[in-house]
Amino acid sequence: MSQSQTTLKSVDCETVSKTFYDVVIVGAGVAGSIVAKQLSEQGKTVLILEAGTGKSLTLEGFQSHVETFYGAVDKNPNAPYPLNPNALSPTDGANGYFEEKGPLPLSGSYTRVLGGTTMHWEGKTIRMLPEDFELRTRYGHGLDWPISYKDIQPYYRKAEYEIGVSGNTEEQKGLGVTFMDGYVLPMLELPPSYLDQKVSEKIHGTTVEIEGETIKLDLSTFPQGRNSIPNPDYKKYNDGDDFIPQGVGSVEPVEYGERCQGNANCVPICPVQAKYDARKTLNRIAFPERVHILPQAVAYKVEVDPANGRVTAIHYKRYQDKNSPEHTLGIAKGTLFVLATNAVENAKLMLASELPSTSGLMGCHLMDHPFLLAWALMPEVTGTMRGPLVTSGISTFRKGAFRKKQSAFAVDIHNDGWGWSGTGATDVVRDAVDNKHKYGAELRQELISKISRQLLLAFMCELPADPSNRVTIDAQYKDQLGNYRPVIHFDVADYCKNTFAYARKLSQTIFQRLGAEDHTKYDKRDQDGNLDPAYFEYQGESYWFRGGNHFSGTHVMGTTKNNSVVDQNLRSWDHENLYLVGAGSMPSIGSSNTTLTLAALSFKSSEQMLRDLKS
Amino acid sequence: MNIQVWFRWLYAALWRIFSGGQPIMNLDQSEMKEYFLDFSVALTGFSKFNLLGTGQADLYYSTIEQNIGNELLQELLQTFHNLDLKAKSANDQSILDKGISFDILDSKKFGAIACNIIKLWYVATWYPIPQTGQDSNSQKPFIVSPQAYPEGLLWSAIGVNPPAAKAPGYGTWSEKPSVTLS
Ligand SMILES: Cc1cc2nc3c(=O)[nH]c(=O)nc-3n(C[C@H](O)[C@H](O)[C@H](O)COP(=O)(O)OP(=O)(O)OC[C@H]3O[C@@H](n4cnc5c(N)ncnc54)[C@H](O)[C@@H]3O)c2cc1C
Ligand code: SF4
């Protein structure tokens, strides 16, 4: 990316109303950005309607997000992004955007700003396993995909290039991922943290039983969308050239090709922009004049010709000031339409447009990865709170015959300590000072003892598609622009709770091996006495889980218009010029964070769009 | 009250009697700032050099003054300064240590303020104190300035960079930690 690079064109409503585009995309997240890039490269004209503000595309705007983050007392995932009442984002239940109908909450977050949720994602980019595509056939749970791992494999490679993935294919092969012969990822794996090394030293080679199977507790690194050192062997897959890491997502970058520097803040904002976010795709669009962006435009209706089901327009509300509900109405027209607002918002928008689909499955099959956490203090100082949030984990439970009885899972070793379980470094300071009256040298030692030895294990569990877990709408629940807020019905099946129970026991085994002091406790209420909505009891034990932010399944793909909402290219069965991209189309998510797969699907879908535009 | 707590209370009461009431002096601004820095060194366990290096001393000083008032701050700093003098003239550091514990941190009047000063230095955040007229229900904690956040001493105390600032460099997370437990 060079200084002379052109910015995408922000346009006004008048330009939009006068233009007929080849493709109208709603949402400038990773899914929408990939489609915009692929189609504009083939000469197509593109409009992107974006609900959030467009500030982050300039370096200045990006830095203002970093500063907002510095100044926020509660450093939650949306802390860098000022609250936008015209395009609210869920933030672990904090602003009541989701109307949670239970029985358990869909906690977690996404961000409605230009660049979407990748603006604060963590950046793990793990391929799904071949068997994950056949969950129903092989294990009797959830849904199968209409395509196989082999069908998506070439698109995984495109996604890995686009995102700029660092990782080790040999290690991944050992865990059951298949690659074409000789393939390597664009960049080498990120070095494991000191904490990883200390955990590995003690548990390496340990075996445990699960449903009669024996599984090894080995650590491996996670492929990630953050810059490390380009892999020289990748040249083959890059026209003989070295892979050039994308440095800065904002235009007019100060530095180029920045490697991850261990800022330890991947969520919610990477200040050196070593981590991928969708602005990197937007800023790399080779023909920016073909792509118009209209920020601060919230789509609220998909207009359809009742005669043939074809989409004729997208209706949007344009606001000037995020704090004022004042807005103007606008219409965007084109040949093809692409909804890329994420799984929850896509379904909401379709339901708000009274388009539940022939199958009636719009909004159903809502999935996520519930996380069970377990935390302990290591027997020695491990220097916790350094490096990317997670560098290694245990991925040996991603596959196995046990998946008939309980769900697959992957374990993260968190380099950032206990923050997620509710005791961040600041809380330790407050406890040491306010309750223990520590000061001076003793305080410093107390902090080293209570923070620098922290170990948090996060068990990311698969939750299969279940039609009763769903996004709906209700006229009672609207935002200040008069748009619907999502109404969520969500529960965690016993299939997954079995895994929580297993994971808790496994954490105890691991802590014992490590000689670590177990501090895990699932309290029903927080310190202020508020009930934890994610608390539950199962087989006589208490648990709570945390949301995985991998919302998916709400407009699932399948083989016919009766069993699904979209086909294998993410094209709506009912509306032949409408595509629903993003994780909403995934029938299962295995134990892989969803973004790499949804990015791969966006490439696949773009190819079909180009075919449609030719005919 | 268990015996240990009772003993501590008795000790503190005796200490207060023997150290005498603190005369309220009218300190000038520069004296106050000097005492404030000395007090901060004792509270934080960081050297004056480190504290000044954060560039936040003046901002913290004025934040405290604004939130608790000049008079109370003077009284606190004077209490500290008297203890400091006593310790120095007797060449006995324990006088200062005990004084900070009993006369300041355990005191109803100064305890919460001293704790707040520590937290200000460590996490750049001011927390409301109920007894100084600050209603902790209506008032919320705040970060005194975005620039202060990366200067929090917490991060150097545990040998890491402040998340999102002062990145230590590629791969540093694999190395042995720079802090140890003695
Ligand atoms: C804390 C956190 C950590 C995560 N970590 C990982 C990880 O490690 N690995 C991983 O694979 N995934 C991770 N994820 C998930 C990942 O961020 C998402 O899967 C991904 O960003 C989804 O991309 P998307 O383009 O489909 O949707 P989004 O990124 O949500 O983008 C949707 C876009 O549409 C816009 N929009 C929404 N509604 C409207 C409307 N009505 N009109 C116009 N525009 C609209 C939004 O403003 C936004 O720009 C994480 C998520 C979170 C929150
Ligand atoms: S560790 Fe730091 S530099 Fe690396 S991706 Fe995370 S925030 Fe960015």
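Return the residues of the stretch A:73-116 that are open to solvent by 40 Å² or more (accessible area, probe 1.4 Å) and β-branched (V, I, T); say none if nothing qualifies.
Hit for the stretch A:73-116 is A:V73, nothing else.
Residues that are open to solvent by less than 20 Å² (accessible area, probe 1.4 Å), at least 2 per element: which helices (runs of 4 or more DSSP H) completely within the stretch B:19-102 meet that? Steps first, please.
Numbers: elements: B:29-44, B:48-53, B:57-68, B:70-90, B:93-99.
Because the criterion is at least 2 residues that are open to solvent by less than 20 Å² (accessible area, probe 1.4 Å), the helices (runs of 4 or more DSSP H) in the stretch B:19-102 that meet it are B:29-44, B:57-68, B:70-90, B:93-99.
Test each condition in (1) in contact with a Leu (Cβ under 9 Å, 6 or more places away or on another chain); (2) under 29 Å from A:S588 (Cα atoms); (3) open to solvent by 10 Å² or more (accessible area, probe 1.4 Å); (4) not in a strand (DSSP E or B) for A:V344 and report the one that comes out false.
(3)
Just need a number here: residues in the stretch A:404-428 that are outside any helix (DSSP H, G or I) and hydroxyl-bearing (S, T, Y). It would help to see each step written out before you state the result.
Step one: filter the stretch A:404-428 for residues outside any helix (DSSP H, G or I), giving A:405-418, A:422-424.
Restricting the remaining residues to those that are hydroxyl-bearing (S, T, Y) gives A:407, A:423.
Here the count works out to 2.
Can you find, within the stretch A:585-615, the residue that is nearest to ligand 2 (Cβ to nearest atom) among those that are under 19 Å from A:L129 (Cα atoms) and among the small types (G, A, S)?
Going through the qualifying residues, I end up with A:A599.
Name the residue, out of A:S10, A:S109, that is under 24 Å from A:D479 (Cβ atoms) and near ligand 1 (Cβ under 10 Å from one of its atoms). Don't jump to the end; show me each part of the working.
On the way: A:S10 fails: near ligand 1 (Cβ under 10 Å from one of its atoms).
It is A:S109.
Yes/no matrix, rows are residues, columns are (1) within 14 Å of chain B (Cβ to nearest Cβ); (2) over 17 Å from A:W420 (Cα atoms):
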{"residue": "A:P82", "(1), (2)": "yes, yes"}
{"residue": "A:G96", "(1), (2)": "no, yes"}
{"residue": "A:G123", "(1), (2)": "no, no"}
{"residue": "A:T137", "(1), (2)": "no, yes"}
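Please list, ordered by first then second residue, the pairs with beta carbon atoms under 6 Å, 6 or more apart or interchain, first in the stretch A:534-563 and over 27 Å from A:Y110 (Cβ atoms), second open to solvent by 20 Å² or more (accessible area, probe 1.4 Å) and outside any loop (DSSP other than H, G, I, E, B).
A:Y538/A:K497
Consider the stretch B:141-182. How many of its residues are open to solvent by 30 Å² or more (accessible area, probe 1.4 Å), in a loop (DSSP other than H, G, I, E, B), within 7 Å of chain A (Cβ to nearest Cβ) and not small (G, A, S)?
The number of residues fulfilling the criteria is 8.
Does the stretch A:160-195 hold any residues that are in a helix (DSSP H, G or I) and either in contact with a strand residue (DSSP E or B) (Cβ under 7 Å, 6 or more places away or on another chain) or under 21 Å from A:W121 (Cβ atoms) (or both), and which are they?
Keep residues of the stretch A:160-195 that are in a helix (DSSP H, G or I), which gives A:160-163, A:169-174, A:194-195.
The answer is A:E160, A:Y161, A:E162, A:I163, A:E171, A:Q172, A:L195.
Would you pick out the residues in the stretch A:397-410 that are more than 15 Å from A:E131 (Cα to Cα) and surrounded by fewer than 24 Cβ atoms within 10 Å (Cβ to Cβ)?
The one that is more than 15 Å from A:E131 (Cα to Cα) and surrounded by fewer than 24 Cβ atoms within 10 Å (Cβ to Cβ): A:K405.
Please verify whether A:R279 is surrounded by fewer than 23 Cβ atoms within 10 Å (Cβ to Cβ) and of a type outside the set (A, V, I, L, M, F, W, C), treating the condition exactly as stated.
Numbers: surrounded by fewer than 23 Cβ atoms within 10 Å (Cβ to Cβ): no; of a type outside the set (A, V, I, L, M, F, W, C): yes.
Against the criterion (surrounded by fewer than 23 Cβ atoms within 10 Å (Cβ to Cβ) and of a type outside the set (A, V, I, L, M, F, W, C)), A:R279 does not qualify.
If you scan the stretch A:155-195, which residues turn out to be hydroxyl-bearing (S, T, Y) and touching a residue at least 40 places away in the same chain (Cβ under 8 Å)?
A:Y155, A:Y156, A:Y161, A:S166, A:T178, A:Y183, A:S193, A:Y194
If you scan the stretch A:199-236, which residues turn out to be in the same structural domain as A:Q273 (by TED's automatic domain parsing) and surrounded by fewer than 19 Cβ atoms within 10 Å (Cβ to Cβ)?
Listed by number, the residues that qualify are A:I229, A:P232, A:D233, A:K235, A:K236.
Is it the case that A:T396 is within 28 Å of B:Y170 (Cα to Cα), touching a Pro at 6+ places or on another chain (Cβ under 9 Å) and either in a strand (DSSP E or B) or away from chain B (no Cβ under 12 Å) (or both)?
Values: within 28 Å of B:Y170 (Cα to Cα): yes; touching a Pro at 6+ places or on another chain (Cβ under 9 Å): no; either in a strand (DSSP E or B) or away from chain B (no Cβ under 12 Å) (or both): yes.
In short, no.
Is it the case that A:E50 is more than 16 Å from ligand 2 (Cβ to nearest atom), under 20 Å from the mean Cα position of the chain (by Cα) and not hydrophobic (A, V, I, L, M, F, W, C)?
On the way: more than 16 Å from ligand 2 (Cβ to nearest atom): yes; under 20 Å from the mean Cα position of the chain (by Cα): yes; not hydrophobic (A, V, I, L, M, F, W, C): yes.
Yes: the conditions hold for A:E50.
Considering only residues of the stretch A:432-453 that are more than 8 Å from every other protein chain (Cβ to nearest Cβ) and touching a residue at least 60 places away in the same chain (Cβ under 8 Å), which is most open to solvent (accessible area, probe 1.4 Å)? Even if it seems obvious, please write down each step before you answer.
Of all residues in the stretch A:432-453, those more than 8 Å from every other protein chain (Cβ to nearest Cβ) come to A:432, A:435-436, A:438, A:446, A:450, A:453.
So of that shortlist, the ones also touching a residue at least 60 places away in the same chain (Cβ under 8 Å) come out as A:450, A:453.
Values: A:K450: 64, A:R453: 25 Å².
The selected residue is A:K450.
Looking at the stretch A:65-109 only, could you name the residues that are aromatic (F, W, Y) and within 19 Å of the chain's Cα centre (by Cα)? Break it down stepwise before answering.
Of all residues in the stretch A:65-109, those aromatic (F, W, Y) come to A:69-70, A:81, A:97-98.
If the condition is that a residue be aromatic (F, W, Y) and within 19 Å of the chain's Cα centre (by Cα), then A:Y81, A:Y97, A:F98 are the ones that fit.
Out of curiosity, is A:T472 open to solvent by 10 Å² or more (accessible area, probe 1.4 Å), more than 9 Å from every other protein chain (Cβ to nearest Cβ) and of a type in the set (V, I, T)?
Yes, satisfied.
The values are calculated or read from the model by the stated rules, or taken from the named source; none is laboratory data. Remember, it's a predicted structure, so these values are computed and weren't measured experimentally. Don't worry about glycine lacking a Cβ; one is built from the backbone with ideal geometry, like all the others, and counts go over all protein chains shown. Note: accessible area is taken over every heavy atom of the protein model, side chains too, but ligands, DNA and RNA are not part of it. Shrake-Rupley method; radii C 1.70, N 1.55, O 1.52, S 1.80 Å.
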